[in-house]
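Accompanying notes for the structure given below.
The values are calculated or read from the model by the stated rules, or taken from the named source; none is laboratory data. Since this is a predicted model, take the numbers as computed values, not measurements. Don't worry about glycine lacking a Cβ; one is built from the backbone with ideal geometry, like all the others, and counts go over all protein chains shown.
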Amino acid sequence: MILEELDFSKFYKGVFNIFVNYFSYNQIHELLGYVEVLADANFRCYKANMIVIAERKEGMVDNKLIADLEWVARSVGEYRVSSKARINKTISRFFPAKENVISETWANDDVVYSVGEMMDRLSIEYIKREDFSKNNRPKHMINAS
């Protein structure tokens, strides 16, 4: 069964709990807006890809449907890239890097530029766990994710 909808509230609460130790509530609100776009894009990509996989398993393959859904997956990929970049740019604005200084905090450029990637990975794993759970996959698959 391909998930038609997904409640991300637990995911957003988890992200909030990660951010709350480092950002103000206004900053978290701004970042969560980008995280929401990212999670939505990942879910739309999941749905498109799952429909393509199901269609390819059928005897009569609808090539137009597959092409259209692959276009959807590529299109939402642009939202993913943009959201990850906005997350990183926003955090960089909150914690501007100092030139010629080696930062001893998590807020240095190398880490900041990976926060968007981490949010991307976390949202994908959240979608996978929900899919595995609702489709009664073995517990070790959910735990591994």
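The figures follow:
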{"read-out": "Scan of the range 37-79 for residues that are acidic (Asp, Glu) and not in a helix (DSSP H, G or I), ordered by number", "value": "Glu58, Asp62"}
{"read-out": "Residue in the range 94-101 that is within 21 Å of the chain's Cα centre (by Cα) and either on the phi > 0 side of the Ramachandran plot or at pLDDT 60 or above (or both) present", "value": "no"}
{"read-out": "Which numbered condition Thr105 misses (of (1) at pLDDT 85 or above; (2) under 23 Å from His29 (Cβ atoms))", "value": "(1)"}
{"read-out": "Positions within the range 40-61 being more than 16 Å from the chain's Cα centre (by Cα) and surrounded by 13 or more Cβ atoms within 10 Å (Cβ to Cβ), in sequence order", "value": "Met50, Ile51, Val52, Glu55"}
{"read-out": "Qualifying residue in the range 25-33 (condition: modelled with pLDDT of 95 or more, surrounded by 16 or more Cβ atoms within 10 Å (Cβ to Cβ) and under 17 Å from Val76 (Cβ atoms))", "value": "no"}
{"read-out": "Cross-chain or 6+ apart pairs with Cβ under 9 Å, the range 65-87 first and more than 16 Å from Ser123 (Cβ to Cβ), then basic (Lys, Arg) and part of a helix (DSSP H, G or I)", "value": "Ile66/Arg56; Leu69/Lys47; Val72/Arg44; Val72/Lys47; Ser75/Arg44"}
{"read-out": "Subset of the range 3-36 [without any contact (Cβ under 8 Å) to a residue 60 or more places away in the chain, closer than 26 Å to Lys134 by Cα and not in a helix (DSSP H, G or I)]", "value": "Glu4, Glu5, Asp7"}
{"read-out": "Selection from the range 119-132 of residues that are over 8 Å from the mean Cα position of the chain (by Cα) and among the hydrophobic types (A, V, I, L, M, F, W, C)", "value": "Ile127, Phe132"}
{"read-out": "Subset tally (residues that are closer than 22 Å to His29 by Cα and either at pLDDT below 60 or buried (at least 18 other Cβ atoms within 10 Å of the Cβ) (or both)) for the range 65-93", "value": "8"}
